[in-house]
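The values are calculated or read from the model by the stated rules, or taken from the named source; none is laboratory data. These numbers were taken from a predicted model, which means no experiment stands behind them. Glycine gets a Cβ as well: all are built from the backbone with ideal geometry, and neighbour counts include every protein chain shown. Surface areas here come from the heavy atoms of the whole protein model, side chains and all, with no ligands, DNA or RNA. Shrake-Rupley method; radii C 1.70, N 1.55, O 1.52, S 1.80 Å.
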Amino acid sequence: MVKTNSRKIIESSDKSLIKIRFTDLPISQPTKNGLYKAKFIKMTEVQRATIPHSISGRDMVCCARTGSGKTLCYLIPVVECLYKKRWSMMDGLGALILVPTRELGM
């Protein structure tokens with residue numbers, strides 16, 4: 001284990017042991033605050049694998065089990081894109097997200 005800048009970084013060949021926080025992402029402070037308020041602190045394996053790529057503008061396809069955190073994999077990049085473009089209600093529809101169930105939509 002290596003300690004740098006008061007953060008612990010685990011060196012391991014097992015990537016599931018490595019804990020990366022949402023605050024480490026290059027996202028806006030309002031998004032970081034919202035994630036913190038919703039108690040999303042550490043990213044899951046699927047989030048670590050996809051969010052950095054989608055934030056940089058790459059397309060992605062994500063397959064993972066239920067409850068793995070896939071929803072944030074596409075919501076964070078959408079919110080960040082709209083925030084960076086300073087999207088407002090006056091601009092009209094900014095994103096349309098289709099979900100298969102009402103529970104996922106909530």
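Hey, any hits in the stretch 1-15 for a residue that's at pLDDT 60 or above and within 22 Å of GLY67 (Cα to Cα)? So far as the stretch 1-15 goes, no, none of its residues is at pLDDT 60 or above and within 22 Å of GLY67 (Cα to Cα).
Taken over the stretch 75-102, residues that are part of a helix (DSSP H, G or I), modelled with pLDDT under 90 and open to solvent by less than 80 Å² (accessible area, probe 1.4 Å) amount to 0. For VAL78, are the conditions met, namely being of a type in the set (Val, Ile, Thr) and within 17 Å of the chain's Cα centre (by Cα)? In short, yes.
Among residues of the stretch 26-53 being outside any helix (DSSP H, G or I) and touching a Lys or Arg at 6+ places or on another chain (Cβ under 8 Å), the one that is surrounded by the most Cβ atoms within 10 Å (Cβ to Cβ) is MET43. Only one of the numbered conditions (1) without any contact (Cβ under 8 Å) to a residue 24 or more places away in the chain; (2) open to solvent by less than 50 Å² (accessible area, probe 1.4 Å); (3) small (Gly, Ala, Ser) is not met by GLY67, and that is (2).
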